[in-house]
Amino acid sequence: MRDWVWYLFFGYLLLGIWLSTDYGISTDEPIQRKHGIVAFEYFNEFTGWFPEVSSLTGEHLPSYDHRDYGMLFQTLAYGLELALGIDNSRDVFRLRHLMVFVLFWCTCVVFHRILIRRFNSKYLALSGVLMLALSPRIFGDSMYNPKDIPLLCWFVFAFYTHIRLLDDRDQYGPVLHGLACALAIGSRVVGIVWPLLTLGYLVLHILSRRGEKGYVALVFRRIALYIPCVVLFTIVLWPVLWEDPVGSFIYSFNSMKQFRWYAEMLYMGEMVRSTALPWHYIIVWIAVTTPLSFLGVMVVGLGTGISSIFGSKLKWISEQYLGMDMVALGAFAIPLVSVILLDSVLYNGWRHLYFVYPFLVYMGVLGLHVLIAFCRKKRHVLGVQLFFVTSLVFAAFDLGKNLYFLARYHPHQSVYFNALAGDVESNFERDYYGVSYKKGLTSLLELYPEKTLRIYSRDFTGKINTMNFPRTDAKRLIFVDRIEDAEFFITLFNFRTKQQYMEYLDKVFPYDQPVVFEIRVSGYRLFQVSWIH
């Protein structure tokens with residue numbers, strides 16, 4: 001990596017460390033911490049390595065209700081929390097936010113190496129890293145999301161080690177790829193897509209070069225080392241598999257297909273059930289939350305990748321660069337098609353599939369590469385010149401607009417929508433994770449510096465976010481169970497039944513109460529405090 005690129009990465013690292021303390025505690029973070037504690041206690045019970053650590057949960061992992069979750073990142077976070085002697089909630093979650101960001105930063109470095117290897121261009125590689133890191137929703141979530149961002153990271157590591165696996169000069173490739181695949185599987189069972197992709201690709205390699213006995217023998221040796229590694233590492237890194245590997249894995253896989261979350265969500269202006277989503281749910285969410293200039297090159301790249309499958313006469317099996325393109329296309333398309341065909345339960349936008357985004361970015365860099373090559377080849381054609389200039393101006397404008405959004409609406413980058421979303425408030429839910437609570441509660445405390453604030457909200461995320469504040473401030477934030485006992489009403493505009501949504505539209509109490517203040521992003525509301533009188 002060139003020195004100036006390292007300076008950019010180092011600057012990004014410092015910026016992320018600085019910004020990561022600004023984000024609220026998202027809805028899932030406390031329960032994710034509990035998952036890590038349960039897994040750590042099971043590990044400790046199994047090994048007896050830390051007799052001084054007492055049990056906090058009273059849970060037993062093999063019978064734990066949420067045992068189907070991958071808990072590796074959460075377990076490591078709890079272990080580091082113990083090692084550092086952190087004993088207050090505020091620092092606990094700050095540590096986790098920092099860990100999420102640093103892991104994502106490392107992923108950006110690895111992703112840069114992947115793109116350098118494929119395109120041999122520091123500018124194309126850097127453009128890919130920028131599309132990954134500066135996509136507003138990914139930028140925001142990379143500062144706090146302990147579920148979806150680690151999985152995204154493990155998928156990128158798996159892609160990088162997949163490339164190393166195919167390099168017959170890399171003796172550690174099979175072991176490293178087995179470890180990376182195990183990290184992905186241990187984070188969420190959907191990681192099984194990587195062993196399937198790898199083995200499928202290697203089988204096709206063998207068939208395409210079956211006349212080369214020496215090469216076929218080499219591939220078989222690497223497969224023979226890779227398979228035991230991925231099985232062993234998966235079992236070791238996922239403690240729920242220790243007592244019943246096959247049964248526990250099947251349980252987790254079945255849970256992934258139809259997750260236990262049953263509610264309604266605002267989607268394209270209608271309240272839809274999580275168990276009966278339209279087939280286009282994920283596609284639309286990706287389309288309306290990705291910057292338009294990114295989307296443009298991604299569509300070109302996807303078209304190029306798909307056409308290569310049918311137009312290269314299977315050259316992509318044996319040619320390294322085409323093979324990388326096809327594996328990236330598979331890592332994006334297989335999970336996407338699977339959730340559509342399986343009618344999987346999804347919610348909170350498309351965060352459950354954030355792990356496919358790096359591969360969509362990869363296809364975007366491929367699209368950019370194709371467009372640049374086309375413009376160079378046809379540079380004397382007036383129409384191509386106009387296309388190039390127009391595209392450059394649009395890309396510069398869109399990138400500038402994107403950077404403005406990241407800075408202007410910090411720390412609410414995770415609620416970004418592009419122009420395709422239309423009337424955002426009428427069409428989509430926004431802050432489903434409740435991260436805006438930190439800024440909202442901070443503003444409320446500043447408005448009433450001496451007062452105890454009795455608050456009612458229809459979600460529990462507000463109470464969670466009192467852990468962001470020093471004890472003296474947290475004591476002033478009293479969340480009550482009945483609206484009759486409250487002085488303030490807070491809403492994130494997330495409705496879980498059609499009745500709730502209609503009450504909001506019809507201005508039924510408490511939505512008819514005077515507004516104290518609200519948080520808006522690009523004109524649409526995320527957070528609102530009303531005064532109950």
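The values are calculated or read from the model by the stated rules, or taken from the named source; none is laboratory data. Since this is a predicted model, take the numbers as computed values, not measurements. Glycine also receives a Cβ, built like all others from the backbone with ideal geometry; neighbour counts cover every protein chain displayed.
Brief remarks follow.
- Residue in the stretch 320-328 that is surrounded by 14 or more Cβ atoms within 10 Å (Cβ to Cβ), β-branched (V, I, T) and closer than 24 Å to N145 by Cα present: no
- Number of residues in the stretch 361-397 that are exposed (fewer than 11 other Cβ atoms within 10 Å of the Cβ) and under 24 Å from L115 (Cβ atoms) equals 3.
- Residues (buried (at least 21 other Cβ atoms within 10 Å of the Cβ) and of a type in the set (V, I, T)) located in the stretch 150-174: V156, T161
- Within the stretch 217-252, being within 15 Å of R67 (Cβ to Cβ) and either touching a residue at least 60 places away in the same chain (Cβ under 8 Å) or not assigned by TED's automatic domain parsing to the domain that holds R188 (or both) holds for L237, W238, P239, V240, W242, E243, D244, S248, F249, Y251, S252.
- Residue pairs whose Cβ atoms lie under 6 Å apart, sitting 6 or more positions apart in sequence or on different chains, and linking a residue in the stretch 456-474 that is of a type in the set (S, T, Y) to a partner that is assigned to a helix (DSSP H, G or I), are Y456/I483; T461/Y437; T466/A474.
- Conditions (1) farther than 17 Å from I235 by Cα; (2) crowded, with 19+ Cβ neighbours inside 10 Å: number failed by P195: (1)
- One residue stands out among those in the stretch 444-471 that are among the hydroxyl-bearing types (S, T, Y) and assigned to a helix (DSSP H, G or I): the one that is surrounded by the most Cβ atoms within 10 Å (Cβ to Cβ), which is T461.
- Count - residues of the stretch 263-278 that are in a loop (DSSP other than H, G, I, E, B) and more than 21 Å from the chain's Cα centre (by Cα): 6
- Elements of the type helices (runs of 4 or more DSSP H) sitting completely within the stretch 326-443 and holding at least 1 residues that are over 25 Å from Y262 (Cβ atoms) and in contact with a Leu (Cβ under 8 Å, 6 or more places away or on another chain): these cover 357-377, 382-408.
- Filter result (at pLDDT below 95 and β-branched (V, I, T)) within the stretch 509-533: I532
- Per-region count, the stretch 192-219, residues within 19 Å of I163 (Cβ to Cβ) and assigned to a helix (DSSP H, G or I): 18
- Restricting attention to the stretch 120-157 and to residues that are under 17 Å from R94 (Cα atoms) and among the aliphatic types (A, V, I, L, M), the residue that is nearest to the chain's Cα centre (by Cα) turns out to be I149.
- Condition check for N494: modelled with pLDDT under 95 and either more than 28 Å from G269 (Cα to Cα) or surrounded by 12 or more Cβ atoms within 10 Å (Cβ to Cβ) (or both): yes
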